[in-house]
Each structure stands twice: as structure tokens, then as C-alpha cells.
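Colleague: Following this message is one structure expressed as C-alpha cells.
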């Protein structure tokens, strides 16, 4: 078993949806734009095949809403934006993440002195 690869995959799986929510916190985004932005971060690189089902799931949870807009460079685009429930979920994740990260850093010895 490839432990480093498996670890990266597990960490990404547990946090990617909240990274997506955070990318939409200030402005709405469309799917290809999200894939590009995530791809700019080596640890978060993902494909459209992973992203679109995740966006659909977040929409079903009520964390995202969508609007269709005409595009000057092709077919209409579906833009995703955070709902109030999505903003609340992101706030909650940030609180939990900080406590979780601090605990892990303390236990594994990666906390800055």
C-alpha cells in the first residue's frame, strides 16, 4: 500500500468540498473555473469528473445555488454560489478545522515553537 498517496487522497477527500466552498465565499464561480483554481494548488488538483458530482451533492445539501449565464466564448455556463446554509457550513468547518489541526500538530510534533 502506498501510504503517502493514500494519506493525500484521504486528506483531500475530507477537505476538498470545504475548499470549494471557500473559493466561492467572495464570488460565484463556474465549474471549469473551479477546476483551474484547484489545479493551481498541487495538493488539491482535481478533475471535472470529481468536481461536478461534488457540486451536485453540495447543491442537494442546500449549500450551493446555481444560475445559468450566457458566455461570450461558448455555451451558457452554470455559476455556483454559496447559500446562507453553505456559509454556515464553511464557518463551522473553519472552527472544527482549527481545533483539529491544532490537536494534530501538538500530537505529531509539527506545532511551531
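Please treat every number below as a calculation from the coordinates, not as lab data. This is a predicted model, so every value here is computed, not measured. Backbone-built Cβ (ideal geometry, glycine too); neighbour counts: all protein chains shown.
Colleague: To the nearest 10 degrees, how steep is helix 3-23 against the longest Cα principal axis of the chain, on a 0 to 90 scale?
Modeller: That helix lies at roughly 50 degrees to the long axis.
Colleague: Distance from a point 7 Å along Cα→Cβ of residue 100 to each backbone N in the stretch 15-50: keep the residues under 12 Å and list them by number.
Modeller: 15-19
Colleague: Give me the percent relative contact order of the chain, please, defined on Cα pairs under 8 angstrom at least 6 residues apart.
Modeller: Relative contact order comes out at 25 percent.
Colleague: Another question, if that's okay. Taking P(r) over Cα pairs in 5 Å bins from 0, in percent as the quantity of interest, determine which of (i) 2, 13, 20, 19, 15, 12, 9, 6, 3, 2, 1, 1, 0; (ii) 2, 10, 18, 21, 19, 13, 8, 5, 2, 1, 0; (iii) 2, 13, 26, 27, 20, 9, 2, 0 was computed from the displayed structure.
Modeller: Matching the structure shown: (ii).
Colleague: Let me ask something else about it. At 0.36 nm per residue, and after removing the present C-alpha to C-alpha distance, how many nm does the segment from residue 78 to residue 110 gain when stretched out fully? Can you show the working numbers first?
Modeller: Numbers: separation 32, 0.36 × 32 = 11.52 nm, distance 4.09 nm.
Length gained, residue 78 through residue 110: 7.4 nm.
Colleague: Figure the gain on full extension for residue 92 and residue 59 (residue separation times 0.36 nm, minus the Cα-Cα span) and round it to one decimal in nm.
Modeller: Result: 10.1 nm gained on full extension.
Colleague: Is it possible to state the helix-based mean residue ellipticity at 222 nm for the chain, with each DSSP H run of 4+ residues giving -39500 (n - 2.57), the sum divided by total residues, to the nearest 500 deg cm²/dmol? What is it?
Modeller: -20000 deg cm²/dmol
Colleague: Expressed as an acute angle from 0 to 90° and rounded to the nearest 10, what is the orientation of the C-alpha long axis of helix 48-60 relative to the principal long axis of the chain?
Modeller: That works out to roughly 80 degrees.
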